[in-house]
Structures are given as structure tokens and as C-alpha cells.
Amino acid sequence: MMKPIWAAVIALMMAGAANASEITFGRGETGHLFFPQDADDAPAVLLLHDWSGPSEKMQLEAQRFADQGYVVLMPDMFAGKSPATPEAARALMMHEDIDAQRIRLKRTITDALTYLSVRPSVDADDIALVGFDFGATVALKAGMEGLNVDAVVAFEPLPNLLAKVGPVDFEHADMPILTHFAETQEDGAPIQFLEQELVAQNKANKVYHYPIVDPGFSITTDGQYDAVAAKLARKRTLDFLDKNR
């Protein structure tokens, strides 16, 4: 459960998000849309949330990108089911047939990209895919399938979960990919394999490890959040997106 002090901080920061709204797009999918000030032909980020769903903390991450000049769309990958805990979210996703889940998530991402690309305020040739935790894993899978985006950024993806939905093969990933890992994240061998595959496939790909931090360091929560490491990861992300526009 989020501590009161963090809830207050997030509420205060979100209060400035005047250009945020809930939307419906595609085939009835829902999401949150964030606009920077004076958006005109702006770059865009399709942001995939973590196990908490499109929660306040994930909206804060989306707002951070909007504050840097990006139009941000965060689709609800749980289709409005709003699990109360990460464990409930995992149970929700694992209960669904994995092939049906892949089809549904791919459709949501494709519809979200279409929605962004036709908005007059968005530069359709400058859209990146950014994911956190569960969403980072989905983002990497989308990248492997050759999704038409300029870059993919994965904050703490889950290699074991990625392997469950098919072979880890970036042959068709034409876009540069950036990943961030906590040094203490479990599944060290799968992470090493994932890193080897990324680096071998594309020299533009980057993999960063953050020492002495725990999984969840990159997201503003009441637990493992590390402000110094998270700030560095965000800077590296913005630099990477700027370089690969």
C-alpha cells in the first residue's frame, strides 16, 4: 500500500498535469493521454504500465515525459480490471490464455500507435515505446516482432516472463533498444542472455545496470524507489530518445 507521504507527493505533482485526460481509442480500448505545454508536431511516447496498471504512480511517469515535450499515451493493458496488488495483476494475466493475451496486447499497442500517429499535434515519424516492469517486457516483445516505432526503452523488464511468450530473438527489431536493470534483480543468467542478444543484434542498443539498488528502483513508490538511480535512468532515456529520433 502506498504510504501517505508518497500519495501526497504524487497528488501534488499530478496537480500540474492540466493537459491530461482519459480517452477511448481503437476498438474500445481506454487509456490516459498527456500533452506537453504548447504541443505542436511533438514527439510521442507510448507508455506501457507496470503490474500496478494505469495507476497514479504510472501517470506520474507519463507526466514526466510530457514535461519534457512528449505527447504520451498510456493504454490500460488490463482492460479496466484494475487489480489491487501486483500479485492480483499477475494472477489476472496468467489466468488468461497466453496466446489470447498476446493477441489482445498486440492489438492494444497497434491501436494506440495508430491513435498517436494521426493526431495533428504528434510527429508521426517520432514515436517511441517505453515500458516499466511488466510493460517493459511487453515492449521488448513488441520490438522483437518488428513494431514500427523509432525506439524502445525497457525499465526493468522480466526476462523469464519474456521467454514464456516465445523465443528471445531480436532479428526483426529494426529500432534501437535501451534497457535498465537493477543490479540485484533476480534471474541473472536470463538477464545476461538478453543483454547478449540485444548487443549482438544492434550496436545502437544500450544496456545499463544500476548498482546497489533493488527491483522497482525506477518507479516512484513507497518501497524500492531510488531517486538518484531513477534520475540517472531517466536522463539516459531522454538522451537515448533524442539521439534516435
Rounded to the nearest 0.05, what FRET efficiency do residue 195 and residue 165 have when you use their Cβ-Cβ distance and R0 = 22 Å? 0.70
Along region 206-212, what does the Karplus equation 6.51 cos²θ - 1.76 cosθ + 1.60 (θ = phi - 60°) give for ³J(HN,Hα), rounded to whole Hz, x for Gly and Pro? 10, 10, 10, 10, 10, x, 6
Hey, got a sec? Which GluC sites (Glu not before Pro) in region 150-198 land in a DSSP loop and have at most 15 other Cβ atoms within 10 Å? 171, 183, 186
Tabulate in residue order the Karplus-calculated ³J(HN,Hα) for region 156-165, using 6.51 cos²θ - 1.76 cosθ + 1.60 with θ = phi - 60°, rounded to whole Hz; enter x for Gly and Pro. 6, x, 10, x, 5, 5, 4, 5, 5, 9
So between residue 56 and residue 235, what do we pick up on full extension, going 0.36 nm a residue minus the alpha carbon distance? 62.3 nm
Per 5 Å bin, what is the whole-percent P(r) computed from every C-alpha pair distance within region 135-193? 4, 19, 32, 27, 13, 5, 0
What are the aspartates and glutamates whose alpha-carbon lies under 20 Å from the alpha-carbon of residue 231, with same-chain residues fewer than 8 places away excluded? 50, 56, 61, 67, 133, 156, 183, 214, 222, 239, 242
Dipole in debye (nearest 20) - region 124-245, about Cα centre, beta carbon charges: Lys, Arg +1; Asp, Glu -1: 280 debye
Under 20 Å from the Cα of residue 164, which lysines turn up, not counting those fewer than eight places away in the same chain? 106, 141
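Coordinate-derived values only; no laboratory data. It should be emphasised that the depicted structure is a prediction, and the values quoted were computed from it without experimental measurement. Because the Cβ atoms are built from the backbone with ideal geometry, glycine has one as well, and the counts that use them run over all protein chains shown.
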